[in-house]
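The values are calculated or read from the model by the stated rules, or taken from the named source; none is laboratory data. Given the structure is predicted, the values throughout are model-derived calculations rather than measurements. Note that we place each Cβ from the backbone using ideal geometry, even for glycine, and neighbour counts take in every protein chain shown. Just so you know, the surface numbers come from the protein's heavy atoms only, side chains and all, with ligands and any DNA or RNA stripped out. Shrake-Rupley method; radii C 1.70, N 1.55, O 1.52, S 1.80 Å.
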Amino acid sequence: MITANTADRLLKILLWASAFAIILVLFSIMGYVFLMGAGVMNLEFIFTTAKNNWKEGGIITAIEGTLIVVSIAVLFAAPIGIGAAIYLAEFTREGKTTKIIRLAADSLNAIPSIVFGLFGLTLFIHYLKDYTGGASLLSAGLTLSFMILPTIMRTSEVSIRTVPLQEKMGSYALGATKLQTVKNIVIPGALPGIFTGIILSLGRAAGETAPIVFMTALNPITPSSIFRGGNALTTTLYYLTSEGISINRAFGIALTLILIVLTLNYSARFVNNYLTRNQRR
Amino acid sequence: MSMEKIIVRELNLWYGEKQALEDVNMQIRENRVTALIGPSGCGKSTFIRCLNRMNDRIEGVRITGKVEIDGKNIYDKDVDVVALRKRIGMLFQKPNPFPMSIYDNVAYGPRIHGTGDKKKLREIVEDGIRGAALWDEVSDRLETNALDLSGGQQQRLCIARTLAVKPEIILFDEPCSALDPIATGKIEELIHDLKREYTIVIVTHNMQQAARVSDYTGYFLLGEMIEFGKTKKLFENPHKKETEDYITGRFG
Ligand SMILES: Nc1ncnc2c1ncn2[C@@H]1O[C@H](COP(=O)(O)OP(=O)(O)OP(=O)(O)O)[C@@H](O)[C@H]1O
Ligand SMILES: [Mg+2]
């Protein structure tokens with residue numbers, strides 16, 4: 001017979017084990033990547049260009065490519081996402097239109113990333129070749145911007161909605177117009193959340209492979225123009241692994257990628273704390 | 001004798017299907033303090049928000065009747081609501097300073113209304129803060145965050161912010177309900193001083209407060225104005241049974 005007390009303790013242990021499992025998974029992955037990656041990691045690996053089909057030299061072209069591609073993605077997605085969020089939160093009433101916009105964003109979020117890649121391939125590489133330069137850093141960035149658009153919109157909307165009604169009323173009561181209130185009260189108040197959302201989606205974009213696999217080159221290319229091709233960390237990792245070029249170097253790239261993404265995540269937190277320190281408490 | 005600043009005629013308001021104000025008529029005199037009292041949910045806030053068209057911002061609100069300020073119905077089609085709110089300041093139950101410096105809070109109104117000149121702005125800000133009896137407490141820290149002030153100081157800062165826009169009328173919706181008695185006393189004193197230059201309407205739950213600060217009092221019950229008159233008379237010798245019940249119920 002199991003008494004209520006034993007059952008209670010058993011349950012507690014089970015729950016604790018599930019919680020612990022998360023930490024375990026995290027540490028096994030991180031630890032393994034660290035161990036494997038550390039072997040090839042040195043200044044040359046980070047700061048020089050690859051030679052001999054990536055077997056020698058470094059991955060600077062891929063690091064630069066990734067940074068450029070995610071910057072392009074955010075540059076395009078942020079204004080649109082934030083604009084849509086301001087519209088949803090401040091300029092319209094809940095109804096058919098807002099339902100459709102939200103449904104669109106959710107659906108966009110649900111599309112498998114390889115489909116974005118396929119879509120980007122047709123749109124940017126084939127149809128808009130004259131404007132994007134075909135398989136270019138710009139095409140890759142634009143494709144990723146579609147992917148992070150819903151996240152930026154959602155996180156922005158959430159943080160816009162946390163701006164207290166009291167403050168907005170205060171602004172209106174002083175004779176401010178809607179636009180002035182949005183510019184002076186709503187956006188500054190929502191900025192920490194908006195920034196956090198952007199930085200987190202930067203991290204997400206940096207980690208995507210499938211959407212940009214058709215747009216990045218296999219051979220090392222020093223980025224010279226956004227209308228030209230380039231490398232990215234993820235697709236290079238994929239190439240090195242699938243072609244069996246160098247597993248160790250692939251882990252080196254993985255480690256670099258993890259460090260970049262973690263840095264982004266922590267700086268998101270830091271930026272958020274920094275920006276909110278003077279606000280509502 | 002002072003003039004009527006605001007004349008309310010046959011004012012009705014519905015939130016969707018629900019009627020919240022019914023045939024309200026009232027005359028609010030210039031340079032006087034008019035208090036609105038009544039039990040919770042009787043429509044005091046709803047009414048006071050009609051005076052600066054703040055209800056426009058709430059979904060599903062329908063209004064009939066007139067609110068004439070200086071003889072002009074503010075619900076006429078040609079009225080510029082933004083310009084109207086500049087003439088009619090409003091203070092809220094909970095102090096709501098913006099999360100910025102004390103200076104920027106008070107400069108907010110003048111800035112959005114186009115005062116660019118730094119020297120002029122500084123004067124307006126100082127006048128506003130002095131007008132709200134806050135200068136001595138904050139003059140040496142205008143650049144610090146307004147949220148670091150105490151509740152009572154925050155409410156006076158909100159008053160300063162309102163004064164900086166140079167309104168003609170100031171509406172107070174339970175401005176002291178979040179404050180302690182000392183801070184409340186300061187605000188009441190301030191209201192008393194402000195009526196020399198402004199027409200004041202104040203909603204309050206506190207009948208002693210109404211008796212202390214106001215010249216006229218209106219008693220609201222279930223969206224209707226039951227009785228309106230000189231404060232002293234309404235408290236000492238109410239006409240209507242409902243008014244008497246309310247007043248004595250609270251006091252007695
Ligand atoms: N935005 C709104 N939507 C729907 N109904 C509302 C809204 N605001 C107020 N009401 C309703 O209108 C009536 C009057 O509310 P109001 O806030 O004006 O009362 P009040 O006299 O200010 O009360 P209190 O003393 O509690 O502040 C109440 O029944 C309230 O539920
Ligand atoms: Mg109220």
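On a 0 to 90 degree scale, rounded to 10, what angle separates helix B:181-194 from the longest Cα axis of chain B? Tilt of helix B:181-194: around 90 degrees. Were the residues from A:Asn219 through A:Val158 laid out at 0.36 nm apart, the gain over their Cα-Cα distance would be 17.8 nm.
Site pair A:Asp106 and A:Ile2 shows an inter-label distance of 3.7 nm when each label is modelled 7 Å from Cα along Cα→Cβ.
Loop-located GluC sites (Glu not before Pro) across the stretch B:46-128 with a Cβ neighbour count of 11 or fewer within 10 Å are B:Glu59, with loop assigned by DSSP. Calculation over all alpha carbon pairs of chain B in 10 angstrom steps from 0 returns a P(r) of 7, 31, 35, 21, 6, 0 percent.
Using r as the Cβ-Cβ distance of B:Thr115 and B:Glu168, and R0 as 25 Å, what FRET efficiency do you calculate, to the nearest 0.05?
That gives a FRET efficiency of 0.85.
Sparse packing (at most 13 other Cβ atoms within 10 Å of the Cβ) combined with a DSSP loop state is found for the following trypsin sites (Lys or Arg not before Pro) in the stretch A:92-195: A:Arg93. Excluding the site residues themselves, the longest part of chain B lacking any trypsin sites (Lys or Arg not before Pro) in a DSSP loop with at most 12 other Cβ atoms within 10 Å is B:78-195. In this rough spin-label picture, where each label sits 7 Å from Cα along the Cβ direction, the A:Tyr87-A:Met30 distance is 4.0 nm. A probe of 1.4 angstrom, applied to the heavy atoms of all protein chains, finds B:Asp180 with accessible area near 90 square angstrom.
Any idea what log10 I(q)/I(0) is at q = 0.10, 0.11, 0.19 Å⁻¹ for the stretch B:1-124, Debye with uniform C-alpha scatterers and no solvent? Each listed q maps to, in turn, -0.40, -0.49, -1.17. For chain A, a Gaussian network of Cα nodes joined below 10 Å ranks A:Ile114, A:Ile199, A:Ile72 by mean-square fluctuation, and the top entry is A:Ile114. Based on the reciprocal of the average 1/r between different C-alpha atoms, the Kirkwood radius for chain A equals 21.3 Å.
Heavy atoms of the protein chains alone define the surface here; on that basis the protein assembly as shown has 49 Å² accessible area per residue at 1.4 Å probe size. Axis of helix B:151-163 versus longest Cα principal axis of chain B: the two differ by about 90°, to the nearest ten degrees. Interface burial in the stretch B:78-101, defined as at least 40 Å² less accessible area with all protein chains than with the chain alone at a 1.4 Å probe, covers B:Val82, B:Arg85, B:Phe92, B:Asn96, B:Phe98, B:Pro99.
Distance between the pseudo-spin-label points of B:Asp78 and A:Leu275 (7 Å out from Cα toward the beta carbon): 4.5 nm.
Long hydrophobic helices in chain A: the complete DSSP H runs spanning 15 Å or more by Cα along their own axis with mean Kyte-Doolittle hydropathy of at least -1.0 are A:4-38, A:60-86, A:96-110, A:137-161, A:187-206, A:247-276. When the other protein chains are added to the chain by itself, burial of at least 40 square angstrom of heavy-atom accessible area (probe 1.4 Å, ligands and nucleic acids ignored) affects these residues of the stretch B:48-67: B:Met54, B:Arg57, B:Glu59. Considering only GluC sites (Glu not before Pro) in DSSP loops that have at most 14 other Cβ atoms within 10 Å, the longest stretch of chain A without any of them is A:95-242. According to the Cα-based calculation, Rg over Rh for the protein assembly as shown is 1.13, with Rh computed by the Kirkwood formula. Largest GNM mean-square fluctuation across A:Met169, A:Met215, A:Met41, computed for chain A with C-alpha springs under 10 Å, falls on A:Met169.
Surface composition of the protein assembly as shown: carbon and sulfur atoms hold 60% of the protein heavy-atom accessible area at a 1.4 Å probe. Chains B and A together bury roughly 2000 Å² of accessible area, counting both sides, with a 1.4 Å probe on protein heavy atoms only. A 1.4 Å probe over all protein chains sorts A:Asp130, B:Asp173 by accessible area into A:Asp130, B:Asp173, starting with the largest. Using only the alpha-carbon atoms, how far is helix B:241-251 inclined from the longest principal axis of chain B? Give it as 0 to 90 degrees, nearest 10. Long axis of B:241-251 versus the principal axis of chain B: about 50 degrees.
Measuring r between the beta carbons of A:Ile13 and A:Ile258 and using R0 = 35 Å, the FRET efficiency lands at 0.65.
Between the stretch B:1-41 and the stretch A:251-271, the alpha-carbon centres lie 60 Å apart. Among the chymotrypsin sites (Phe, Trp or Tyr not before Pro) in the stretch B:159-252, none is located in a DSSP loop while being surrounded by at most 16 other Cβ atoms within 10 Å of its own Cβ.
Contact residues in the stretch A:171-186 by the 10 Å² criterion (accessible area, 1.4 Å probe, full protein complex versus chain alone): A:Ser171, A:Tyr172, A:Ala173, A:Leu174, A:Gly175, A:Ala176, A:Thr177, A:Lys178, A:Gln180, A:Asn184, A:Ile185.
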